[in-house]
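Engineer: Before we start, here is the structure in question, set down as structure tokens.
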Amino acid sequence: MKMKWAKTFWVYLLVTAMIGVLSACGQSDNTNTASGNTGNAGNTEQKQVVLSFMTTWSESDPFTGVYYKNAMAFEKANPDIKLDIETIPYNDYPVKLNTTAAGGNLPDLILMIGGGSMFEQIARSGALMPIDDMMGNWKEDFLPSSKIKEFNVDGKQYGIPGEVSYTTVIYYNKKILKDAGYTEFPTTYEAFKAMVKDLKAKNITPISYGNKTGSVLLASLLSPLNERISGPDLYAKIKSGEQKFTDPDFMNALKDIKELSDMGAFNVDLNSIDNVQATNLFLSGKSAMYIDGSWGAKQISKDKAADFEVGFAVFPQIEGGKGSMSTMPGATNQGVVLNAKLDDAKKAAAEKFLQFMYSEESYQNIMRAGNMVPANVTAPTDIDPLFKEMTGVLAGVKGITPVYDIVMPATVVTATKNGLQGLTTPGGSTPEAVAEDLQKELGQ
């Protein structure tokens, strides 16, 4: 998968493995962390509040530079508030966050790259400050609660995400589909499958996939099928034991993937090439569609020929399913949370910071950097035209459902990747065998 997806999501798999050492998180009586630094700027009459901030944001980082610049703009607009920034390299951040939280030494402001197990563990330890009393700064029509729930734990809001990544966007070659007789993209799954069969009959590869790591099919095909068939709560029900992988809901998604594979929907080498190679197949006109996350638009826009027309579609509706095309699997990230020990002055300064960082202007800057945002904001006129078109297509997405990779145990995720590769290999696994293996791996 693209670097953006890897940097945004796969860190969750690493931090999930670390949560065992967090039992003491936030329990230390270290009162110096949040309120020991008075932030008195010399002997001037006006006291400057200093907020210590641990983050990965860096001006030179192509992924987080926009957040750093927004933070610097906040400092300039609020000379009475100083950000004491400690920038941790991205790959080192989970370990640093883990050890700092476990020792009770969290700074005033803490970046949470995303939601997930470690964030929830820290929040439940009492180390973080809920911001429910600040949420009046963001109206529902601007920042829908359905798109910020990854930063909500046990009914309490702890942060607001800066961006959202959807795992499933169908990119399609407008010319190929038009020449094949399709002027509109199918909105039902049965019609989608009929189109796949028709394209295959015309000797056109319907969908290019680069599933060498096993991650792509899991995120961009299994996840939306699960949501469209079963609705948003399937993974929670499986983890709690209320449902099983071998029950019809999950099994039907596996059967759908097997059916698509058997009808020749994918390039034959899907499990031996990577996402970059699959993108190139699409852009060279060798497939009608390419399925990837919303982050894929950036690379497609950069590499496509000037006359290559790209269309965008959300995953179609499954007749009789419990899901909806207004919901997409995805994850939100880049949220700043607060130390529970902030005194009143620091809390007021932190609230100002959150208001600024998650304002319409800041979100528009994030969009200029090529990232989707959870807020309902007007797209700036100076963003990439292709990205702007995609945001318009995805504007109807009102809710976000969990991504399989993040919510399931790491061993189950690995077994699922292997199982999906088996399903899409001629003579490979059956849906029943994959489901049974997963249920055993879950240990229920």
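Engineer: Over segment 290-444, average the accessible area per residue using a 1.4 Å probe and give it in Å², no decimals.
Structural biologist: 39 Å²
Engineer: Expressed in nm to one decimal, what extension gain is obtained for the pair residue 355 and residue 395 from 0.36 nm per residue of sequence separation less their Cα-Cα distance?
Structural biologist: Residue separation times 0.36 nm, minus the Cα-Cα distance, leaves 12.1 nm.
Engineer: OK, next. From the protein chains alone at 1.4 Å, what is the descending order of accessible area for 200, 193, largest first?
Structural biologist: The most accessible residue leads, giving 200, 193.
Engineer: For 124, 228, what's the largest-to-smallest order of accessible area, 1.4 Å probe?
Structural biologist: Ranked list, largest accessible area first: 124, 228.
Engineer: Now for a different question. What ranking do 146-155, 398-407 get when scored by the average of other Cβ atoms within 10 Å per residue, highest first?
Structural biologist: Descending packing order for the listed peptides: 398-407, 146-155.
Engineer: Right, here's the next one. Using a/c under 1.5 as the rounded threshold, could you call segment 49-99 rounded, prolate or oblate? The axes a ≥ b ≥ c are square roots of the C-alpha gyration tensor eigenvalues, and prolate needs a/b larger than b/c, oblate otherwise.
Structural biologist: Here segment 49-99 falls in the oblate category.
Engineer: Leaving out ligands and nucleic acids, and using a 1.4 Å probe, what accessible area per residue does segment 87-153 come to in Å²?
Structural biologist: Result: 37 Å² of accessible area for each residue.
Engineer: Roughly how many Å² of residue 112 are accessible to a 1.4 Å probe, to the nearest 10?
Structural biologist: Around 10 Å² of this residue is reachable by solvent.
Engineer: Which FRET efficiency, nearest 0.05, do residue 92 and residue 48 yield, Cβ-Cβ r, R0 25 Å?
Structural biologist: For R0 = 25 Å, the calculated efficiency reads 0.25.
Engineer: Share of Cα-Cα pairs in the chain beyond 33 Å, in percent?
Structural biologist: Percentage above 33 Å: 37.
Engineer: Per the 1.4 Å probe, what fraction of the accessible area of segment 267-406, in percent, lies on carbon and sulfur atoms?
Structural biologist: 51 percent
Engineer: In addition: Cα gyration tensor of segment 327-444, axes a ≥ b ≥ c as square roots of the eigenvalues: rounded (a/c below 1.5), prolate (a/b > b/c) or oblate?
Structural biologist: oblate
Engineer: I would also like to ask the following. Quick one: accessible surface of residue 322, probe radius 1.4 Å, all protein chains present, in square angstrom to the nearest 10.
Structural biologist: We get 130 Å² for residue 322.
Engineer: For segment 151-282, what does the convex hull of the Cα positions come to per residue, in cubic angstrom?
Structural biologist: 152 Å³
Engineer: Take each of the peptides 89-101, 355-367, average the number of other beta-carbon atoms within 10 Å over its residues, and list them starting from the highest.
Structural biologist: In decreasing order of mean packing, 89-101, 355-367 become 355-367, 89-101.
Engineer: Give me the percent of Cα-Cα pairs in segment 44-193 that sit more than 18 Å apart, rounded to a whole number.
Structural biologist: 70 percent
Engineer: On to the next question. Residue 414 to residue 348: FRET efficiency via 1/(1 + (r/R0)^6), r the Cβ-Cβ distance, R0 35 Å, to the nearest 0.05?
Structural biologist: That gives a FRET efficiency of 0.15.
Engineer: Also, I was wondering about something else. Summing Lys, Arg as +1 and Asp, Glu as -1, what charge do residues with Cβ under 12 Å from the Cβ of residue 184 carry, residue 184 excluded?
Structural biologist: +2
Engineer: Same structure, new question: Can you give the net charge of the other residues whose Cβ lies under 15 Å from the Cβ of residue 350, counting K and R as +1 and D and E as -1?
Structural biologist: Summing Lys and Arg as +1 and Asp and Glu as -1 gives -4.
Engineer: Can you figure out the FRET efficiency of residue 135 with residue 302, using R₀ = 25 Å and their beta-carbon distance, to the nearest 0.05?
Structural biologist: 0.10
The values are calculated or read from the model by the stated rules, or taken from the named source; none is laboratory data. This one's a predicted model, so the numbers in the text were calculated from it and none came from an experiment. As a convention, Cβ positions derive from the backbone with ideal geometry for all residues, glycine included, and neighbour counts pool all protein chains shown. Accessible surface areas use protein heavy atoms only, side chains included; no ligands, DNA or RNA. Shrake-Rupley method; radii C 1.70, N 1.55, O 1.52, S 1.80 Å.
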